[in-house]
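In what follows, a single structure is set out as structure tokens and then discussed.
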Amino acid sequence: MVNEIWHLTDDFNRLPARDVLRNLIRDDRKNSEKAESELSEDIKLLDDAIVLYVESLQAAFHLINKWKSNNSNRAAIAMTVSTLNYILLARHGILLGYYPEVRDLLRSCYERISRCYLFFYSKKFADRFLSGEQIKPSVVDKELSKLEKEPNKRRVLFEGLRKYYGFISDVAHPNLKSFEARYGEKNLDKRVGLEFLFGGLMSSKLGHVAIIRLLQTY
């Protein structure tokens, strides 16, 4: 697969705003068509994983009468359902070429999956979630690390969870670094805000990386 930007137009300042929007939508459709061809093997791998995810949810809901009164199970299932919606939205974003924005969705997937594990493990935190309380990611990581009984392993697990969350958050926050995926790393401090890069900008290489990252998230 060739590493190339599929569609990039420079008509923002030359056309009426409605025409700009129409062209962005047109080019995004072209991105999707190109992605279906260029990334067919990656997409099949992703879709196979999503099918397994859906089948797991189907199996759970076939047994809903057995767990619907269990807050741990109910809260965990809520997280898995929500995660599926983010996964589907990320899939659409990847095909349209919105990889920089998809990274935000990957963090949301991780936040929900980690809470899913926590709620299965702890009824106390499931109850807190169902009561409407917000649970900070650092608290989730701390509680999950307690699954390790040996102190040193527990510490390493906690540090690893915190490091990974920091990694996926680093490009999700609206800081200067979050602009690298669209602008590149060179002279960001001088270019951001002066150049415009709208719509899908996906390449085969970035599309492949985005799909692998999405698979790793769940």
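Rule-based calculations on the coordinates, nothing more; no lab input. Keep in mind that this is a model prediction, so the values were computed, not measured. Because the Cβ atoms are built from the backbone with ideal geometry, glycine has one as well, and the counts that use them run over all protein chains shown.
Mean-square fluctuations from a GNM of the chain, with a 10 angstrom spring cutoff on Cα atoms, peak among Asp189, Asp127, Asp48 at Asp189. The C-alpha atoms of the chain define a longest principal axis, and helix 204-217 lies at about 10 degrees to it. Counting Lys and Arg as +1 and Asp and Glu as -1 over every other residue whose Cβ lies under 15 Å from the Cβ of Asn70, the net charge comes to +4. For the range 90-136, a/c is not less than 1.5, where a ≥ b ≥ c are the root eigenvalues of the C-alpha gyration tensor, and a/b tops b/c. That puts it in the prolate class.
Beyond 21 Å in Cα-Cα separation lie the following of the pairs Lys124/Lys146; Lys30/Lys190; Lys142/Lys163: Lys30/Lys190. Helix 151-170 axis versus longest C-alpha principal axis of the chain: approximately 30°, rounded to the nearest ten. Look at the dipole of the range 17-217 built from charges on Cβ: of Gly166, Phe129, Gly97, the Cα furthest out on the positive end belongs to Phe129.
For the chain, a simple Cβ point-charge model (Lys and Arg +1, Asp and Glu -1, everything else neutral) yields a dipole of about 1000 debye relative to the Cα centre. A prolate overall shape is assigned to the chain, the ratio a/c of its alpha-carbon gyration tensor axes (a ≥ b ≥ c) being 1.5 or greater and a/b exceeding b/c.
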